[in-house]
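Written out below as structure tokens is the structure these notes cover.
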Amino acid sequence: MEKKNILKGVLFVGIGASIYGMLATFVKLAYNEGYTTSEVTTSQFLLGLLGLLVLNFFQTITSKKKLSSPTSKEIRTLMLVGTSLGCTSLFYYIAVQYINVSIAIVLLMQSVWFSVVVESFLTKKLPNTRKIISVVIVLIGTVLATNLVNESLELDWKGIFWGLMAAASYTMTMFTSNTLATHLPVFRKSIIMLCGGSIVIFAFLFFAQIGPLYSDGLKSFYLNFTENTQHIHSFNFSILWKYGLILSLFGTIIPPILFNIGFPNAGLGLGSIVSSLELPVSVTMAFVLLGEKVIFIQWVGIALILFAIVLMNLPKKENKLAEIS
């Protein structure tokens, strides 16, 4: 029974990571059709909220026992933490505007070593040797995966900056969402966190697209900030049925549900290893659907990053001995 649960956990986490890995490719396709970052993120979060509300409603009326409700303090905390969800999507999608998906996902995976730094800071302890080695491998793999060894390659610094910002925000999400209000049903907790993320997304929508239409001062400020005039037009509602549905399903509904089911069965260590499938899936999708060029040295870098994730999450020898005894 235990092995079957582990297999179930690995399967759910693997499917969730693979689905999430496809997301950036669809964002890039939406960009190619003229949609903006604010339209993409707004459609994803708006439809995601509606979808989770429907799921929560059916869970509430079909549940045989009374479901836990959050306290006012938990609602405030979860909404605050949820802002990191909005920031991660926003920063990641902005990065994709300036650099290839295959490079943006590598930058997002820097959360692997970001988390080591944060953990060391919070516990006030230096990371162990294996984690330090893993971080070095990740950094070497990143240099190869982004093809920085190619002197003729020019990477837009804006894309690199926003990609690293997305990694930092993603790290915050990982450290907080799995420890807060664990007694709440998955859908209720997700809705509250998504509300916090939506505040960030809707604020960006006003700043980048709606506000500049009606305020010359905000328009001038925005143009000085981005130098990109494509956002200054009325919201294109066709994004909702063209890409919004698939973005909400792949970004805010299906993966979190699968992760919440899978991680408790697979365990955090094994689950983290399996969730790294997001990296090769994302690069492969960009290669197949977008025609992005991914050379051999980049695949070597991706393999090194995956190896580092496995190395970092392998159980310690004493844990193995404890399990045997």
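The values are calculated or read from the model by the stated rules, or taken from the named source; none is laboratory data. Every value quoted in this text rests on a predicted model; they were computed, and no experiment measured them. Cβ coordinates were reconstructed from backbone atoms using ideal geometry, including for glycine residues, and neighbour counts include every protein chain displayed. The area values use the complete protein model at the heavy-atom level, side chains included, leaving out ligands, DNA and RNA. Shrake-Rupley method; radii C 1.70, N 1.55, O 1.52, S 1.80 Å.
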**Asked** Which condition breaks for residue 36 when tested against (1) in contact with a Leu (Cβ under 8 Å, 6 or more places away or on another chain); (2) open to solvent by less than 50 Å² (accessible area, probe 1.4 Å); (3) over 30 Å from residue 273 (Cβ atoms)?
**Response** (1)
**Fill in**
Only unsatisfied item for residue 154, checking (1) open to solvent by less than 20 Å² (accessible area, probe 1.4 Å); (2) part of a loop (DSSP other than H, G, I, E, B), is (1)
**Asked** What tally of residues in region 27-50 results from selecting those that are more than 19 Å from residue 205 (Cβ to Cβ) and touching a residue at least 40 places away in the same chain (Cβ under 8 Å)?
**Response** 2
**Prompt:** In the list 138, 116, 186, which residue meets the criterion of being on the phi < 0 side of the Ramachandran plot and at pLDDT 85 or above?
**Reply:** 138
**Fill in**
Here the residues within region 93-129 that are part of a helix (DSSP H, G or I) and not hydrophobic (A, V, I, L, M, F, W, C) are 93, 97, 98, 102, 111, 115, 119, 120, 123, 129
**Item:** Tally, over region 275-292, of residues that are open to solvent by 20 Å² or more (accessible area, probe 1.4 Å), touching a residue at least 60 places away in the same chain (Cβ under 8 Å) and either in a helix (DSSP H, G or I) or not aliphatic (A, V, I, L, M) (or both)
**Value:** 6
**Asked** Quick check: anything in region 10-22 small (Gly, Ala, Ser), assigned to a helix (DSSP H, G or I), under 25 Å from residue 236 (Cβ atoms) and in contact (Cβ under 8 Å) with a residue 60 or more places away in the chain?
**Response** no
**Matching residues, region 51-85, being within 21 Å of residue 206 (Cα to Cα) and either free of Cβ contacts under 8 Å to residues at least 24 places away in the same chain or open to solvent by less than 70 Å² (accessible area, probe 1.4 Å) (or both)** = 79, 82, 83, 84, 85
**Asked** Of everything in region 71-130 that's under 13 Å from the mean Cα position of the chain (by Cα) and polar (S, T, N, Q), which residue is nearest to residue 171 (Cα to Cα)?
**Response** 111
**Asked** From the set of residues in region 93-138 that are basic (Lys, Arg) and in contact (Cβ under 8 Å) with a residue 60 or more places away in the chain, which is surrounded by the fewest Cβ atoms within 10 Å (Cβ to Cβ)?
**Response** 130
